[in-house]
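Colleague: There's a structure below that I have some questions on.
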Amino acid sequence: MSPLKSTPYWRLSGFYFFYFASLGVLVPYWGLYLQWQGFSAKEIGELTAILLATRIVVPNIWG
């Protein structure tokens, strides 16, 4: 396989790596940031649930 044909694979795998790495770094601190902004525990839970639910539902809609 030539290097030109393997390029899309590395782009896609690189995208997924950085996407999930950024989520892994940011999501644990999302609740602390919202708490610092003055949100209640209930509101933080609701926003976090919405954030995670969209990651489950939206890919199924997009196909």
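Colleague: I want to confirm something. Restricting to region 1-43 and keeping residues that are at pLDDT below 90 and of a type in the set (K, R), which single residue is nearest to R55 (Cα to Cα)?
Modeller: Looking at residues that are at pLDDT below 90 and of a type in the set (K, R), I get R11.
Colleague: Show the residue pairs that are 6+ apart or on different chains and have beta-carbon atoms under 7 Å apart, the first residue being within region 33-62 and among the β-branched types (V, I, T), the second being part of a helix (DSSP H, G or I) and surrounded by 11 or more Cβ atoms within 10 Å (Cβ to Cβ).
Modeller: Hits for this filter: I44/G31; I44/L34; I44/Q35; T48/W30; T48/G31.
Colleague: Also: Criterion first (in contact (Cβ under 8 Å) with a residue 12 or more places away in the chain and either surrounded by 11 or more Cβ atoms within 10 Å (Cβ to Cβ) or part of a helix (DSSP H, G or I) (or both)) does G14 satisfy it?
Modeller: Taking the combined requirement at face value, the residue does not satisfy it.
The values are calculated or read from the model by the stated rules, or taken from the named source; none is laboratory data. On a predicted model such as this, the values are computed, not experimentally measured, just so you know. Quick reminder, even Gly has a Cβ in these numbers, built from the backbone with ideal geometry, and neighbours come from all protein chains shown.
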